[in-house]
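Here is the structure we will look at, set down as structure tokens.
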Amino acid sequence: MYENAYKKKPDSEEILNALFMAYVRIGNYKKQQQVAMALHKLRPQKNPYYFWAVMSIVMQAYENENLANSMFLPLAGKMVEKFINEGRLEAEAEVRIYLIILQSMAKFEEALKVLKGPLSEKLVSEPDFPSFLEVELLTKLELWTTVNTAYKRLIESNPDSWQCYKEYLRSSFILIDAHSNAEEGVVNCSDTAADDTVERVVEFLSTMVRRDRDSRESATPPQLPYPIRGPYLGRLELLRILKDRNDVNWNKVLGNPLELICQYYDQFGDKPCCFSDLQLYAALLSESEKQQMITELLAKLGIQSQDGQIVMATDIKVIQRHILLIQLSRYYGFHRQMEMEKCLSLAEELLQRYTDGLKFGESLTSTDQQYVDSYMLLLIHLLHDVAVSTKNDQYIWHALVLLEMSLTKSPTNSQLKLLAIQLYAQIGAFMPCYNLYESLEIKHIQHDTLGYVVCNHVLRLGHLSVAHTIFDNTLRFFASVHKDTSDYLISCYKYGSFPKVQEFVQFRHRLQNSLQFAICTAEKLLLDIISNASSHQMTVDIINGMDIDPMTEQTDFKSLCDNRDDSIVFSCEPNKVVDKKELKQKSFLEEKAWLHIRNLTARCLVTAVRLGSPLAGGTTAPESAAIRNGSDAKTVKLRDVLVRLRGELAQCLTDSRQLNKAQMTNDLCLDLYRTRLSAFMRLDLGDRFLIVLDLLLSSELHQNGQQDGQKAASISFSPAQKPAKSLSSLTQENRKPMVMVCGGEERRQIVVEMLENSVLLAEHISQVTIVLGACHEILKPIKASLNKKGKKKKEMDPVMVSVFESYDSFLSETLSAVADLQEAFSEPLTGDNLAFQLDALKIENSNLLFQHVDDTLESSIRKKVTASYQTTAAEIKTLLDRKLRYLENLKF
Amino acid sequence: MTTIRPFTCDDLFTFNNVNLDPLTETYGLPFYLQYLAHWPEYFQAAESPSGEIMGYIMGKAEGPADNWHGHVTALTVAPEYRRLGLAAKLMSSLEDISEKKKCYFVDLFVRVSNRVAVDMYKRLGYIVYRRVLEYYSGDVDEDAFDMRKALSHDTEKKSIVPFTRDVRPEELE
């Protein structure tokens, strides 16, 4: 549009401006550059236009790595230099872009010259920027002695800057290594200020520690109310590096590591961040030192039990220290080694301290967290440990009661809520999860990063209408991503924030290729296809209303980005047990595999329906548009599409079976819950779906055969094997009560598997129903013509007979599966029955931990959980009712 | 121990431990992107040694003539990193930038009920310039304090002579 306007009025600044912005929106950097140059020619006195062109060239360099260094970057560089030489450089942004170009071309020395030269006077908006960029450039140039002294200076002026310590230590060790490599005598770094021996590093860090102490002791009033962690953590970091390098003296250069850590505890133990600091340095201590440290420090706190009586803390600082020690001992793995009895007695102690400590938080407002909430988190983990080791869900139930109690004291603590969400999900009650999730006020980009907290549970537990809401909310956020990012990409040019241009482009890429986005799109599509239809005509209408091309895969699996933020749950789980990075990687693979199956299933369903109703599908299927030979050619083509998709799905199932062997475990510290892949595989639902697709394909083939004289299929495939267990045996097995008594009267287990399997089966049945509907469409005319011919059945093609037979057996098997599932959901999930079952989760125990529980609180939880189970049942029953009517109409 | 560095788009993916705090609002993308595009130097994050975002500050410079000033739009620190002086550090970096930009003063709005924050700003040298009635909408609307601190450019400290009366949000320029 603007292109046309430009042709009409080539000298309008306004139109050119709009045209430039339009190219920014679509990311056409080449055109951007041309328009910007046209603008520059029009208004040569306006510098920004010229630099828009420069930035557009830089973006072309990022896009095309091959030409970046040979063409784009040198060109951009020359353009800027031309302006510098003419003395026409005006703004800070213009210097920044020059620095970007020089760095991209690895011309670090030139960039340094800019920083030292007159142009640097324009760099005013970020006070620290020049000095930090300078050391960065020195680092790139590997001028280690200069880098080292530069970082020392930076540390002296910013004694709490972690970045500086890290880089300082890195450069020191590079110098140390250079020394030892150079052997004797050859000392090529004459700069005496650089720290090129371990002794000098120790000396420097000790000076920093002394300086911090002096500044707090001598100054009156103290200049800094808070001690600085930097120098102390710097020392621990040094030890960590030495130990990793297997330096024999690592534990001597600064004295005993245990003592250093204890010193750190003395100084910062009452800060909540101390745990994450010390967590980094757990490896500095041996197992016995860890034990010794915890024991000694606990004793030093002076609040241990005496004569069976717990001594309560007298202020919150002591509480915070105590919490830290318990967190550390959990992180060190000591809790995992404890017997059940010890776990429970520690949990009880923590509960008492929690209850007592509430008194310190009486004046807190409702948006504050209680000082003692961390006790609660720890004790819930302990109860969970016990639940896992004893396989007794009574402990989970009890943990939930305690959590709900603590949420009344600390109504906005997100950690308590996240833990409660996990526990409710574990017992299969989705409604409470969702309510807690909503209370976290998740919105906008958090739909992408935190949606996973509920997303894998909502369908697993069959809350279909909430699922719709979640998907819609998420997709609404993504719908505006392109517009939002483009608008501000334009602003970057307008305000000359050139360093942000590429950042915004990458950001947009990450959002558009988000895993969560792809999942929600796929799941919503599947849900839309299966949920409402109670007749095949309805399904046909629904699919015709969708703008879908089953030929193409919507997800670009190679570019998929895992934007899930799994760092929100505070965790003290030992690294040995849970490697979060590895788990996230695993989970990502599993999500991708499951997503692939879901995408293919949806595409198969769409194609199947169109194959069954050639006329109805004709208008929206893009592939048919290209073929003008009439419906016959199109049908053949759709068949090929389905055969191909079927093959892809079969392959995908084979791959997933491999992956599934390395299944995810679910530890409480991790919110990344498994997908439904494992249950799906266990029930062989993929193969079952393939079989019914095969039925459709052979019906269609023989229909064609009858019409066109045995025309062979264009693509052949090997039919899927029938799974060992029949569908009806699966649905039969699934009829269980929700709460089971196991191992005598000892243990209670909530049979969440029952819910999950039923939901999957119901979903599978719905998909099968649709494919059967498509078969029915194809077989109907054949059946009718057969009926016309009367009783001359002997003339019927024997293959056709078997097609009709398997169709009938499929139909009746599906119908009886529906009936079984309906029943599975009826009896055990009625209100009275459930209440009775859930009552059995109460623990009758004289232990203090299990007393003091508010009965009304517990019964309100029971109500919530009951209602949630019943919602699952009701939603699935409605779905099945519709499919029952659907199937009844498919009988011949 | 902290690394103060410019806030980047990618931080929007990981700032949840800070934003799950009930008093920290999560805004729509345009809001953050606007600040990043227009005032990138005013948007700083503090990062912990383990790589977590401890807190961040968002701000801008605006206003005509002698009303040219730095504004703090959002300042937040995750619960576990409070009482380490982090907010003060982030504020002082914003003030430094505003000095360089020759601003006359820095201002901010804060809920009148947020005692901890109001006290902290007072310790950092801010005064209550005026009260803005029903500035925060919610179940119950809440007033805001408009707090200010003069910078060296405002030699006569004219910007911090308290306003004589309370104002309504629509009166703010």
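Screening residue A:134 against (1) within 13 Å of another protein chain (Cβ to nearest Cβ); (2) more than 35 Å from the chain's Cα centre (by Cα); (3) crowded, with 18+ Cβ neighbours inside 10 Å leaves a single unmet condition, (1). Residue check: residue B:51 meets all listed conditions (1) closer than 23 Å to residue B:121 by Cα; (2) free of Cβ contacts under 8 Å to residues at least 24 places away in the same chain; (3) surrounded by fewer than 17 Cβ atoms within 10 Å (Cβ to Cβ) but one, namely (1).
Residues that are within 30 Å of residue A:150 (Cβ to Cβ) and either at pLDDT 95 or above or within 43 Å of the chain's Cα centre (by Cα) (or both) number at least 2 in the following helices (runs of 4 or more DSSP H) confined to segment A:1-119: A:47-63, A:73-85, A:92-104, A:108-116.
Quickly run through segment B:116-130 and pick out the residues that are of a type outside the set (A, V, I, L, M, F, W, C), surrounded by fewer than 16 Cβ atoms within 10 Å (Cβ to Cβ) and more than 13 Å from residue B:92 (Cα to Cα).
Residues of segment B:116-130 that are of a type outside the set (A, V, I, L, M, F, W, C), as a first pass: B:119, B:121-123, B:125-126, B:129-130.
Still in the running and surrounded by fewer than 16 Cβ atoms within 10 Å (Cβ to Cβ): B:119, B:122-123, B:125.
If the condition is that a residue be of a type outside the set (A, V, I, L, M, F, W, C), surrounded by fewer than 16 Cβ atoms within 10 Å (Cβ to Cβ) and more than 13 Å from residue B:92 (Cα to Cα), then B:119, B:122 are the ones that fit.
Please go through segment A:144-166 and pick out each residue that is assigned to a helix (DSSP H, G or I) and within 10 Å of chain B (Cβ to nearest Cβ). First the steps, then the outcome.
First, the residues of segment A:144-166 that are assigned to a helix (DSSP H, G or I): A:144-157, A:162-166.
Hits for segment A:144-166 are A:162, A:163, A:164, A:165, A:166.
Report whether or not residue B:58 is farther than 22 Å from residue A:154 by Cβ and under 14 Å from the mean Cα position of the chain (by Cα). Yes: the conditions hold for residue B:58.
Residues in segment B:54-76 that are within 12 Å of chain A (Cβ to nearest Cβ) and surrounded by fewer than 22 Cβ atoms within 10 Å (Cβ to Cβ): B:60, B:61.
Please verify whether residue B:107 is in a strand (DSSP E or B), under 17 Å from the mean Cα position of the chain (by Cα) and either among the charged types (D, E, K, R) or more than 12 Å from every other protein chain (Cβ to nearest Cβ) (or both), treating the condition exactly as stated.
Numbers: in a strand (DSSP E or B): yes; under 17 Å from the mean Cα position of the chain (by Cα): yes; either among the charged types (D, E, K, R) or more than 12 Å from every other protein chain (Cβ to nearest Cβ) (or both): yes.
Yes, satisfied.
A quick yes/no check of all residues on (1) over 24 Å from residue A:443 (Cα atoms); (2) modelled with pLDDT of 95 or more; (3) not hydroxyl-bearing (Ser, Thr, Tyr):
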residue	(1), (2), (3)
B:15	no, yes, yes
B:21	no, no, yes
B:30	no, yes, yes
B:58	no, yes, yes
B:86	yes, no, yes
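For the residues A:619, A:601, the requirement of being modelled with pLDDT under 85 and either within 14 Å of chain B (Cβ to nearest Cβ) or over 30 Å from residue A:327 (Cβ atoms) (or both) singles out A:619.
Checking segment A:873-889 against the condition returns no match, with no residue being modelled with pLDDT under 80 and over 30 Å from residue A:700 (Cβ atoms).
Just checking, how many residues over segment B:15-36 are facing another protein chain (nearest Cβ under 7 Å), within 20 Å of residue B:94 (Cβ to Cβ) and in a helix (DSSP H, G or I)? Of the residues in segment B:15-36, 3 are facing another protein chain (nearest Cβ under 7 Å), within 20 Å of residue B:94 (Cβ to Cβ) and in a helix (DSSP H, G or I). Annotation note: of A:639, A:682, A:628, the sole residue that is surrounded by 18 or more Cβ atoms within 10 Å (Cβ to Cβ) and either modelled with pLDDT under 55 or closer than 22 Å to residue A:600 by Cα (or both) is A:639. Filtering segment A:36-46 for residues that are in contact with a Lys or Arg (Cβ under 7 Å, 6 or more places away or on another chain) and surrounded by 13 or more Cβ atoms within 10 Å (Cβ to Cβ) leaves an empty set. One residue stands out in segment B:1-14 among those that are part of a loop (DSSP other than H, G, I, E, B) and over 19 Å from residue A:512 (Cα atoms): the one that is farthest from the other protein chains (Cβ to nearest Cβ), namely B:7. How many of the residues in segment A:538-580 are part of a loop (DSSP other than H, G, I, E, B), farther than 30 Å from residue A:638 by Cα and either in contact (Cβ under 8 Å) with a residue 12 or more places away in the chain or within 14 Å of chain B (Cβ to nearest Cβ) (or both)? Number of matching residues: 17. The residues in segment A:511-537 that are crowded, with 19+ Cβ neighbours inside 10 Å and within 14 Å of chain B (Cβ to nearest Cβ) can be counted, and the count is 5.
The values are calculated or read from the model by the stated rules, or taken from the named source; none is laboratory data. Owing to the predicted nature of the structure, the values given are computational and were not obtained by experimental measurement. Cβ: placed from backbone, ideal geometry, glycine included. Neighbour counts: every protein chain shown.
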